[in-house]
Structure formats: structure tokens, C-alpha cells
1. Mind counting the residues in the range 117-174 that are hydroxyl-bearing (Ser, Thr, Tyr) and closer than 30 Å to Val68 by Cβ?
2. So Glu232 fits all but one of (1) surrounded by fewer than 16 Cβ atoms within 10 Å (Cβ to Cβ); (2) closer than 30 Å to Arg79 by Cα; what number is the exception?
3. From the list Gly65, Gly80, Gly59, exactly one residue is out of contact with any Cys (no Cβ under 9 Å at 6 or more places or on another chain), exposed (fewer than 15 other Cβ atoms within 10 Å of the Cβ) and either in contact (Cβ under 8 Å) with a residue 40 or more places away in the chain or closer than 23 Å to Gly222 by Cα (or both). Which is it?
4. Considering the range 7-19 alone, what residues qualify as being on the phi > 0 side of the Ramachandran plot and within 13 Å of ligand 1 (Cβ to nearest atom)?
5. Condition first: polar (S, T, N, Q) and within 13 Å of ligand 2 (Cβ to nearest atom). Now tell me which residues in the range 42-64 satisfy that.
6. Helices (runs of 4 or more DSSP H) wholly in the range 138-253 with at least 1 residues that are within 16 Å of ligand 1 (Cβ to nearest atom) and not aliphatic (A, V, I, L, M) - which ones?
7. Would you check which residues across the range 26-41 are away from ligand 2 (no atom under 16 Å from the Cβ) and free of Cβ contacts under 8 Å to residues at least 24 places away in the same chain and list them?
8. I'd like the full set of residues that are at positive phi and either more than 11 Å from ligand 1 (Cβ to nearest atom) or under 17 Å from the mean Cα position of the chain (by Cα) (or both), limited to the range 20-57.
Amino acid sequence: MTPAIETSDLTLRYGNFTAVGDVSLRVPTGSRHALIGPNGAGKTSLVHALTGNVATTAGTIRIGGEDVTTLSQAARVRRGLTRTFQINQLFRGLTVLENVSLAILERERKTRIFWRSAAADRAVAEEAREHLAFVHLAALADRPVHSLPYGSQRLVEIAIALATKPRVLVLDEPAAGVPAAQSESIFERIHALPRDLTLLFVEHDMGLVFRFAERITVLVGGRIMTEGTPAEIQADERVREVYLGRRRQHGAA
Ligand SMILES: Nc1ncnc2c1ncn2[C@@H]1O[C@H](COP(=O)(O)OP(=O)(O)O)[C@@H](O)[C@H]1O
Ligand SMILES: [Mg+2]
């Protein structure tokens, strides 16, 4: 079967520095795939390259079999590849519902009409409420985004991503900055997404990774060190060494 994501020798350099080197990654359709690695391993850089936030230096990216290597981020979104937005991309003064509605309108390219005819488009609001219900935020739909706790704001980002109707969703630390109890509930919502939606997520909490990923790719120094099931990665001495080594460096354990 054609994989949802397939990179071949993907390389991303910042000047002389190789942030991502020769990464060949294959994520089957419907898979829940985690990307892990110590700080600075190149996880975010790989996400940027996949989603078209930065131009790659070498190699190819295929989404659903189609070569998207040179396509813009917007063109990739139209092909079903979406990433969660960084928190500062939310419109903090607008309501939760308006934020999700704008994403739907962007998908439908009706943004200007929306502002002229205000809340006229009932279908948009209805769909926005469906996405919000999915992330359990229906009750907060009319609140301004800035008034929500941080964890709920991160769920708004997921609702916005859903509004693009993705086939492949890339989440870069979706629970970053969120208290542990809440990060679990964020991952539970992600886990509840339709099974045909392919998920690639970056997460540093190993408990969450082992619980929610079906396969794990370990990135170190921009290169794939190993890949396997949670059980295989958990048992891998080299992976343990990378993480314990880091902790020792930081004097934490
Ligand atoms: N725009 C940039 N210019 C130069 N170096 C960068 C840039 N973005 C990231 N880097 C470097 O690339 C490496 C990988 O960073 P990043 O992809 O953010 O790692 P991770 O997400 O795994 O923590 C780091 O050493 C970082 O300093
Ligand atoms: Mg990162």
C-alpha cells in the first residue's frame, strides 16, 4: 500500500549545519507514529521540512504517493497534510468558534465574504462546533481564546487542524507547556481521531509515546538512529543511553 508519508534521503541544512540528514521515513496510512529524540535532534526541523515551512536541501517527500517536495505549505494542506499550529498562531482576541470558523473559511476560500456577511454562514459555524465538540470544547465556543487555560488553547489548535480536513496530521509537541494531567487528556483526544487519519507526532514524555504510538522513529543528530515498536524502542540500549546520557549531562538523574 502507498504510505501516507514517505521521505527519501531528506536533508535540511541551515548554512553549513545539517539539522536533518538523509532521513528516509515511511509512515503507513492510518498509523500513529511518534518521532522522538533529545533536544536539538532535528525533530521540529523535520516537521518544518515535511509540511513545507522550510525548503529542503536534498531528498524527496511524498504524501500519499505524490511528490510534494517543492510545493508550498498551502498546497500541501490542500493535499491533506496539516500540522498543528503554534500557539501564537491563534487569534487570541477572537472567540474559540471564530478561530475554527476562519480555518474552515480558509479551506473554502470564502474569507472575504465572511467578513462582509458576518455570521451568515451557518454551515460554517455548525461544522466548527463539530470540531470543537470532538476536542470537548463545545462549552467554551463563545469564549475569547485568550481566556482559556493553556491546555484548552492547545486543543483549539487541534480543532483548527481538523477544520482543514487532513488525511495526514503532524503534531509537534501538542502537549508542550501543559500540566501532566492535562497532557494525557490531549493525547486521548488525538488518540480518538478517525483511524484512517495518519498521525505523526513529536512528544518528549516517554510514557505518552509508549502509550499512544504504534511505531517510533528515534532521531539523533538529525539522523534516524533506529525505528521500531514501543516494546522494541523501550528495550533498545542505545536509545536508553541517548536519553540517560542527556540526563546525566544536565545533572538531573
Ligand atoms: N533556523 C535555524 N537556523 C540555524 N539552526 C537551526 C535553525 N532551527 C533549528 N536549528 C538548529 O537545528 C538543530 C535541530 O533543531 P530542532 O529541529 O528544533 O530540534 P528538536 O525539535 O529535535 O529539538 C538544533 O541544533 C538547532 O539549534
Ligand atoms: Mg522541537
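1. So the answer is 1.
2. The failed condition is (2).
3. Of Gly65, Gly80, Gly59, the one residue that is out of contact with any Cys (no Cβ under 9 Å at 6 or more places or on another chain), exposed (fewer than 15 other Cβ atoms within 10 Å of the Cβ) and either in contact (Cβ under 8 Å) with a residue 40 or more places away in the chain or closer than 23 Å to Gly222 by Cα (or both) is Gly65.
4. Residue satisfying the conditions is Gly15 alone.
5. Thr44, Ser45, Asn53
6. 237-250
7. Hit for the range 26-41 is Arg26, nothing else.
8. If the condition is that a residue be at positive phi and either more than 11 Å from ligand 1 (Cβ to nearest atom) or under 17 Å from the mean Cα position of the chain (by Cα) (or both), then Asp22, Gly30, Gly37, Gly42, Gly52 are the ones that fit.
The values are calculated or read from the model by the stated rules, or taken from the named source; none is laboratory data. Source: prediction; values computed, not measured. Because the Cβ atoms are built from the backbone with ideal geometry, glycine has one as well, and the counts that use them run over all protein chains shown.
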